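> After the C-alpha cells below, expect a handful of questions from me.
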C-alpha cells in the first residue's frame, strides 16, 4: 500500500503572544511545530503500513523551513517526505492550498506510485477551517471520510476501508472503496515515540523538494494570493437572480411530498444527481 499524509507546520499556539497595541498575533520568535491533528493521522497511516506493508509519504506545502517538520515526521517512521515550496504559494487560503496539494499528490502518484489512502488532520490549529482535506478529495475525485475516530479494518485485496465516524448523536460505521481520503479526529490514538534508528535516518534523509513547476502546476494564478478569493480584498456586488423559487405542491402525504421535493431539486440541479450516484457507487 502507498499512503500519503498531508501535514502542516504551524506556530506553537501555546507560545503565541498578542501585540498590546494592534491586538494581532505576534509570530516572530514563536517556535513551529507539526500541526497536532496531523500527527494522529500520521500515526494511523504508520499503523496501517506496519500491519499491511507498503510505504508512507509525508507531504507539506510551506516555506523551506517546513522541512524541519517533515524530518520530525521521518523520525516517527515515515518512509519519505515531500516539500512543496515556491514563492507562488505565499498567502494561499484553503482553496489555493487544496489546489496545490492535489497537484502535488498527483505528482507523487506519478513518481512513487498511486496512493491508496490520503490522510489529513481534521483541521489546523492556525486556521480551524477543516476545509483543506475535503477540498483535496474533491479535486482528486476521491471518496472522503471525515471526522474519523477509528480505522476498523483495511482490505487491500478487496480494496475496502472500514472506519468509525463521529456523528451528531452517535457513531457511524462506514465501508468505502479505495482510494479515498480520511481526516482523523484528535486523541484517537497514541502517537508513537520515534526510534533512534529512525531519528538517525531522518537526519540523513533527503527531503524531496518541488517547486510549482516541478509539481506540474502550470497555472500559478490558482496559487497564493491570486488564487485566494477569501484573502484578497474584493468587493462583490452580485446581480439579483432573475430565476425565482419554484413552489412544490403539497399533498399531505409525507413520502409523496418528499419524493416530489427531491424530483424538483434534481430537475433543477442535474449535476447533484450525478454526484450522489457516484457517491453511492463507492459505498
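> If we keep just the residues of the range 7-41 that are closer than 24 Å to residue 108 by Cβ and touching a helix residue (DSSP H, G or I) at 6+ places or on another chain (Cβ under 6 Å), which is modelled with the highest pLDDT?
7
> Of the residues 241, 234, 204, only one is exposed (fewer than 10 other Cβ atoms within 10 Å of the Cβ), under 30 Å from residue 73 (Cα atoms) and either over 25 Å from the mean Cα position of the chain (by Cα) or at pLDDT below 90 (or both); which? Before you say what the answer is, go through the steps one by one.
Numbers: 241 fails: under 30 Å from residue 73 (Cα atoms); 234 fails: under 30 Å from residue 73 (Cα atoms).
Unique residue meeting the criteria: 204.
> Let me ask something else. When only residues in the range 147-174 that are over 19 Å from residue 122 (Cα atoms) and touching a residue at least 60 places away in the same chain (Cβ under 8 Å) count, which is farthest from the chain's Cα centre (by Cα)?
The qualifying residue farthest from the chain's Cα centre (by Cα) is 156.
> Any residue in the range 69-86 that's in a loop (DSSP other than H, G, I, E, B): show its pairings with residues that are surrounded by 24 or more Cβ atoms within 10 Å (Cβ to Cβ) at Cβ separation under 6 Å, as long as the two are six or more apart or on different chains.
Within 6 Å, the pairs are 78/56; 78/58; 79/56.
> Give the range 250-262 a look and list any residue that's in a loop (DSSP other than H, G, I, E, B) and closer than 21 Å to residue 273 by Cβ, or say none. First the steps, then the outcome.
Of all residues in the range 250-262, those in a loop (DSSP other than H, G, I, E, B) come to 250-253.
Those that are in a loop (DSSP other than H, G, I, E, B) and closer than 21 Å to residue 273 by Cβ: none in the range 250-262.
> Within the range 217-224, is even one residue in the same structural domain as residue 66 (by TED's automatic domain parsing), at pLDDT 85 or above, closer than 24 Å to residue 92 by Cβ and out of contact with any helix residue (DSSP H, G or I) (no Cβ under 8 Å at 6 or more places or on another chain)?
Within the range 217-224, one or more residues are in the same structural domain as residue 66 (by TED's automatic domain parsing), at pLDDT 85 or above, closer than 24 Å to residue 92 by Cβ and out of contact with any helix residue (DSSP H, G or I) (no Cβ under 8 Å at 6 or more places or on another chain).
> What do you reckon, is residue 34 in contact with a strand residue (DSSP E or B) (Cβ under 9 Å, 6 or more places away or on another chain) and without any contact (Cβ under 8 Å) to a residue 24 or more places away in the chain?
Details: in contact with a strand residue (DSSP E or B) (Cβ under 9 Å, 6 or more places away or on another chain): yes; without any contact (Cβ under 8 Å) to a residue 24 or more places away in the chain: no.
No: the conditions fail for residue 34.
> Next question, about the same structure. Which condition breaks for residue 142 when tested against (1) more than 27 Å from residue 71 (Cβ to Cβ); (2) surrounded by fewer than 22 Cβ atoms within 10 Å (Cβ to Cβ); (3) free of Cβ contacts under 8 Å to residues at least 60 places away in the same chain?
So the condition that residue 142 fails would be (2).
> What do you reckon, is residue 175 in contact with a strand residue (DSSP E or B) (Cβ under 9 Å, 6 or more places away or on another chain) and either under 23 Å from residue 37 (Cβ atoms) or not in a helix (DSSP H, G or I) (or both)? Spell out how you get there, then give the answer.
Values: in contact with a strand residue (DSSP E or B) (Cβ under 9 Å, 6 or more places away or on another chain): yes; either under 23 Å from residue 37 (Cβ atoms) or not in a helix (DSSP H, G or I) (or both): yes.
Yes, satisfied.
> Is it the case that residue 101 is over 19 Å from residue 42 (Cα atoms), in contact with a helix residue (DSSP H, G or I) (Cβ under 6 Å, 6 or more places away or on another chain) and modelled with pLDDT of 95 or more?
Values: over 19 Å from residue 42 (Cα atoms): no; in contact with a helix residue (DSSP H, G or I) (Cβ under 6 Å, 6 or more places away or on another chain): yes; modelled with pLDDT of 95 or more: yes.
For residue 101, the condition - over 19 Å from residue 42 (Cα atoms), in contact with a helix residue (DSSP H, G or I) (Cβ under 6 Å, 6 or more places away or on another chain) and modelled with pLDDT of 95 or more - is not met.
> OK, next. Is the range 88-109 home to any residue that is in a strand (DSSP E or B) and either more than 22 Å from residue 230 (Cα to Cα) or touching a strand residue (DSSP E or B) at 6+ places or on another chain (Cβ under 9 Å) (or both)?
Checked against the condition, which is being in a strand (DSSP E or B) and either more than 22 Å from residue 230 (Cα to Cα) or touching a strand residue (DSSP E or B) at 6+ places or on another chain (Cβ under 9 Å) (or both), the range 88-109 yields no hits at all.
> Oh, and also: Residues to consider are 70, 83, 101; find the one that is over 11 Å from residue 9 (Cβ atoms), surrounded by 19 or more Cβ atoms within 10 Å (Cβ to Cβ) and under 20 Å from the mean Cα position of the chain (by Cα).
Numbers: 70 fails: over 11 Å from residue 9 (Cβ atoms); 83 fails: over 11 Å from residue 9 (Cβ atoms).
Within the list 70, 83, 101, the selection yields 101.
> Ok, one more. Tally up the residues in the range 136-165 that are more than 23 Å from residue 276 (Cβ to Cβ) and not in a loop (DSSP other than H, G, I, E, B), please.
The first filter runs over the range 136-165 and keeps only residues more than 23 Å from residue 276 (Cβ to Cβ), leaving 149-158, 164.
Restricting the remaining residues to those that are not in a loop (DSSP other than H, G, I, E, B) gives 149-155, 164.
Qualifying residue count for the region: 8.
The values are calculated or read from the model by the stated rules, or taken from the named source; none is laboratory data. Remember, it's a predicted structure, so these values are computed and weren't measured experimentally. Heads up, the Cβs are rebuilt from the backbone with ideal geometry, glycines too, and the neighbour counts pull from every protein chain shown.
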